[in-house]
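Q: Take a look at the following structure, please.
Quick note: the coordinates plus some simple rules give every number you see, no bench work behind them. This is a predicted model, so every value here is computed, not measured. Don't worry about glycine lacking a Cβ; one is built from the backbone with ideal geometry, like all the others, and counts go over all protein chains shown.
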Amino acid sequence: VCAMDLEVVDGELLVLVGPSGCGKTTTLRIIAGLEDPTEGEVWIGGRMVNGVAPKDRDVAVVFQSYALYPHMTVFDNIAAALRLRGTGREEIRARVEKTAGNLGIAGHLRRFPRELSGGERQRVALARALVRQPRLFLLDEPLSNLDAQLRERARGELKALFKQLRATVVYVTHDQTEAMSLSDRVAVMREGTVEQVGTPEEIYGRPATVFVAGFVGSPRMNLFRRGEETVGIRPEDVRIADDGEIEMSVRLVEPLGPQRLLTLAGGGLELRALVPAGEPARPAVRVRLDPARLHRFGPEGRRVAP
């Protein structure tokens, strides 16, 4: 990780997203105090915490593996951090039961982690963080071990919960859908640096670099060279029209429920276009590229105004 200058405001859910190995987890570990930066400063709540032990930073970390104690019940897993702080027995019981109730696991407090599903273990790990009432939550790929259907449901539940708590959260994921749906702001990382920080709408609608343009969006943005520039257009913005200026053959048709994804070739280009599923299949089409929907990037890969 290098040349990073990143601020998270109170009550914000900031997502760090990027491909594997880009520095997301390292950044999280530096904030948590699990790794020391070779230079620079980390501030939490107006206090510089370089050299401060992880336990004294007032942060709670939820790891991808959940890191639950297998020999402890759910209750004891959630209560462990409070006991280490010397919290009184009755307060521990009240806070654990309230947190478990908020997360829908109150009926599992006497069970062991091995007796729980993946989704239930994920909630226990989250409860263990929530019960501490920290200043900052750090979550490292907490949903990656869940199946697709459960992950989709958990995303919505997490976002609603953190909004209710007005919690400050830094959340790491490689899944751009997760990043865009959960976040207040997104920081897109590449090779140890932050390429762009912005709202999901800004990241999607005005990508700052060629990398961000190609990484964010599914199906991914079409990118092609035009002179010294790289030009991009999203598949949903490629228009099929009888009076289109480019004639293209249809190479591949991929059904996507209410839409179909066409892979097109012609005029020296290969493009992907999203069309309604009910549109008649044709071996060739004409395509129009609206100049207002094009994204332009200079030779260095950075966005050219507008």
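Q: Given 10 Å bins starting at zero, what is the percent of C-alpha pairs of the range 140-219 in each, up to the one with the largest pair distance?
A: Histogramming the range 140-219 at 10 Å steps yields 17, 49, 31, 4 percent.
Q: A follow-up question, please. Taking 20 °C and 1.002 mPa s as the conditions, I'd like the Stokes-Einstein D for the range 145-293 in µm²/s, using the Kirkwood hydrodynamic radius from alpha carbon pairs.
A: Details: Rh = 17.5 Å.
Value of D from the Cα-based Kirkwood radius: 122 µm²/s.
Q: Suppose we flag GluC sites (Glu not before Pro) only when DSSP calls them loop and at most 12 other Cβ atoms lie within 10 Å. Which is the longest uninterrupted stretch of the chain? Kindly include the intermediate steps, with their values, before the conclusion.
A: On the way: sites that count: 7, 39, 41, 228, 245, 300.
With a cap of 12 other Cβ atoms within 10 Å, the longest stretch comes to 42-227.
Q: What number comes out for the charge environment of residue 83, summing +1 per Lys or Arg and -1 per Asp or Glu over other residues with Cβ under 14 Å away?
A: Numbers: positive: 55, 85, 89, 93, 95, 128, 132; negative: 76, 90, 91.
Local charge sum for residue 83: +4.
Q: Give the cross-link partners of residue 55 among the lysines, using a straight C-alpha distance below 24 Å as the criterion and excluding same-chain residues fewer than 8 apart.
A: Filter leaves 24, 98.
Q: Just how large is the dipole of the range 1-148 about the Cα centre, in debye to the nearest 20, putting +1 at every Lys and Arg Cβ and -1 at every Asp and Glu Cβ?
A: On the way: 19 positive and 19 negative charges, 174 e Å.
Magnitude of the dipole: close to 840 debye.
Q: Compute for the range 221-306: radius of gyration divided by Kirkwood radius, i.e. Rg/Rh, restricted to C-alpha atoms, rounded to two decimals.
A: Numbers: Rg = 13.4 Å, Rh = 13.5 Å.
When Rh is taken as the Kirkwood radius, the ratio is 1.00.
Q: Find how many whole Å separate the alpha carbon centroid of the range 151-220 from the alpha carbon centroid of the range 41-76.
A: With the range 41-76 and the range 151-220 each reduced to a Cα centre, they are spaced 22 Å.
Q: Would you work out the charge dipole size for the range 115-261 about its Cα centre, treating the Cβ of every Lys and Arg as +1 and the Cβ of every Asp and Glu as -1, and quote it to the nearest 20 debye?
A: Working: 21 positive and 23 negative charges, 164 e Å.
With only Lys, Arg, Asp and Glu charged at Cβ, the dipole is about 780 debye.
Q: Only counting other Cβ atoms within 10 Å, I'd like 189, 48, 221, 4 sorted with the fewest neighbours first.
A: Details: 189 27, 48 10, 221 21, 4 15.
Taking fewest neighbouring Cβ atoms as first place, the list is 48, 4, 221, 189.
Q: Rounding to the nearest 20 debye, state how big the charge dipole of the chain is about its Cα centre with +1 on each Lys and Arg Cβ and -1 on each Asp and Glu Cβ. Before the final figure, lay out the partial values.
A: Numbers: 43 positive and 41 negative charges, 202 e Å.
So the dipole magnitude of the chain works out to roughly 980 debye.
Q: Let me ask you something else. Quick one: compute a quarter of the convex hull surface over the Cα atoms of the chain and quote it in nm². Provide the component values of the computation, followed by the final result.
A: Working: hull surface 76.2 nm².
Mean shadow area of the hull around the Cα atoms is 19.0 nm².
Q: Something else now. Taking the Cα atoms of the range 51-197, what is the range of coordinates along each of the three principal axes, in descending order and whole Å?
A: 47, 40, 27
Q: Oh, and also: Taking the Cα atoms of the range 1-121, what is the range of coordinates along each of the three principal axes, in descending order and whole Å?
A: Dimensions of the range 1-121 along the principal axes of its Cα atoms: 47, 34, 27 Å.
Q: For a test of the definition: using alpha carbon positions, the gyration tensor, and the 1.5 limit on a/c, classify the range 109-154 as rounded, prolate or oblate.
A: It is oblate, given that a/c is not under 1.5 and a/b is not larger than b/c.
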